[in-house]
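What follows is one structure encoded as structure tokens, with my remarks underneath.
Laboratory data are not the source of any read-out in this text; all were calculated from the coordinates shown. Because the structure is predicted, anything quoted here is derived from the model rather than measured. We place every Cβ from the backbone using ideal geometry, glycine too, and count neighbours over all the protein chains shown.
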Amino acid sequence: MSKSWLVGVSAVLAVTVSPGLCRAKDISAKKVSINDAKPAKEQIAVQSNDAGVLLTDADDPATNGASIHVYSASDDFCAILAPGADWKKTKSAWKYANALTKNSAHVGDGKLSVKIKSGVTYPLSATMQGTVNVQVQFGTGTRYCMRCSGAKKDTPQKFLAKACAAAACDAEPSSCSSLGTTTSTTVTATTTTTACTSSPTGTVVKGSLTSTQGRFNYNLMVGLPGANSACNTNFSGSHACSIQDLQGAPATDLTCLKDTAGMTVTSFWAIDSSAPHLSQCFDDVTFNETTDPNHNWEYATAHTGSRGQWVSVNPATGALGSLQTMQQCNFGTGSTSNWVGCCQ
């Protein structure tokens with residue numbers, strides 16, 4: 001029996017100011033923790049028990065998603081919790097939990113918490129963080145600000161602050177919004193929809209991992225090894241699709257393709273072993289592209305020249321777009337989050 005999905009297929013560009021730059025509501029933080037000791041342990045955890053947090057201010061994250069923006073004078077990280085079935089509404093709270101990424105969130109009267117365990121690209125700098133700002137927004141609801149200075153621990157491996165009093169956040173260095181906006185150019189989705197009446201054929205492309213920034217972090221491993229491992233886990237015998245795999249696959253493999261979290265795939269990172277490393281989100285902070293070439297898709301910061309390539313896919317027809325280049329590999333102005341396909 002065929003499945004039927006509705007997917008948006010068009011968008012328009014408009015110059016605007018991001019909602020992420022609006023004045024936030026200052027609240028106290030019970031804890032702000034950033035762990036960068038090793039890839040398998042990377043994590044960001046934020047918690048507030050401030051009375052100013054209200055369930056009625058949370059909008060509808062099941063429809064509009066949520067965002068968490070963590071930044072300091074030296075580092076900048078944005079995570080998007082996508083809308084969909086991972087969000088559950090109770091009488092007292094909105095809750096988010098994704099079994100694959102282990103990311104979670106909770107917002108209710110007097111309580112806000114977010115934990116990001118997958119896709120963390122916040123490399124604690126050699127110098128101390130000093131002050132870390134956190135802004136959290138559920139859909140179009142109230143944007144909450146937590147600002148922490150005088151941390152209990154502030155090292156290149158861990159930042160931990162507790163009992164941070166309510167204070168205004170520093171200005172955001174980039175935009176972070178689940179509504180897909182940036183500080184200069186906003187992508188506004190139209191209401192055009194196209195019905196999908198059949199499932200992907202799975203001839204070459206067996207499925208897709210969840211969308212990610214250019215630093216892959218799947219199955220607790222960074223880079224291509226993690227993507228290959230996760231593909232094999234979810235689609236036995238498969239590997240992360242190269243751009244050549246995708247271009248050689250029938251369009252019916254990509255029509256209405258869903259990822260492992262049930263989200264419709266609309267773009268892919270263009271994995272290409274023959275392309276220059278610096279166009280493959282190479283971690284040029286830690287490694288030399290000539291002497292340590294096997295570190296593509298491990299990019300960690302926006303402050304270097306490493307960038308990524310990607311292609312769009314029309315979910316209604318399975319048609320791939322042209323190759324896009326010079327995309328930042330983490331969230332920030334000019335960045336994008338794309339999917340990783342799994343091919344036989």
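Can you work out the base-10 log of I(q)/I(0) for the range 225-344 at q = 0.09 1/Å, using the Debye formula on its C-alpha atoms alone?
For the range 225-344 at q = 0.09 Å⁻¹, log10 I(q)/I(0) is -0.24.
Note the direction-averaged projected area, equal to a quarter of the hull surface, for the Cα convex hull of the range 17-180, in nm².
Mean orientational projected area (the range 17-180, Cα hull): 8.6 nm².
How large is ³J(HN,Hα) for each residue in the range 30-38, as worked out from phi by the Karplus curve 6.51 cos²θ - 1.76 cosθ + 1.60 (θ = phi - 60°), to whole Hz, x for Gly and Pro?
Running phi through 6.51 cos²θ - 1.76 cosθ + 1.60 with θ = phi - 60° gives 6, 7, 10, 10, 10, 10, 10, 5, 7 Hz.
Once the piece of chain linking Ser274 and Thr233 is laid out straight, how much longer is it, given 0.36 nm per residue of separation minus the C-alpha distance between them?
Once the chain is fully extended between Ser274 and Thr233, it gains 12.2 nm.
Would you please give the residues with an amide H less than 5 Å from that of Trp297, counting only those at least 5 places away or on a separate chain, with H modeled from the backbone geometry?
Cys281, Phe282, Asp283
What Kirkwood hydrodynamic radius do you get for the range 216-263 when you take the inverse of the mean 1/r over all pairs of distinct Cα atoms, in Å?
Across the range 216-263, the inverse of the average 1/r is 11.7 Å.
How far apart, in nm, are two points set 7 Å out from the Cα along the Cα-to-Cβ line at Ser74 and at Ala163?
So the label points at Ser74 and Ala163 sit 2.7 nm apart.
Compute the length gained on full extension between Asn288 and Thr127: take 0.36 nm times their separation in residues and subtract their Cα-Cα distance, giving the result in nm to one decimal.
Extra length available between Asn288 and Thr127 comes to 55.8 nm.
Using 21 Å as the Cα-Cα cut-off, could you pick out the over-long pairs in Lys25/Lys89; Lys41/Lys158; Lys30/Lys153; Lys38/Lys258; Lys95/Lys117; Lys31/Lys153?
Over 21 Å Cα-Cα: Lys25/Lys89; Lys38/Lys258.
So, R0 is 45 Å and r is the distance between the beta-carbons of Met326 and Asp57; what FRET efficiency does that work out to, to 0.05?
Calculated value: 0.75.
Whole-Hz Karplus ³J(HN,Hα) for the range 61-78, in order, using 6.51 cos²θ - 1.76 cosθ + 1.60 and θ = phi - 60°, x for Gly and Pro?
Taking θ as phi minus 60°, the curve returns x, 5, 9, 10, x, 8, 9, 9, 10, 10, 7, 9, 5, 10, 9, 8, 9, 10 Hz for the range 61-78.
Mind listing the phi-derived Karplus ³J(HN,Hα) values for the range 83-98, rounded to whole Hz, using 6.51, -1.76 and 1.60 with θ = phi - 60°, and x for any glycine or proline?
x, x, 6, 6, 8, 10, 10, 10, 5, 10, 6, 9, 10, 10, 8, 10
When the Kirkwood radius is taken over all Cα pairs of the range 81-120, what Stokes-Einstein diffusion coefficient follows at 4 °C and 1.567 mPa s, in µm²/s?
123
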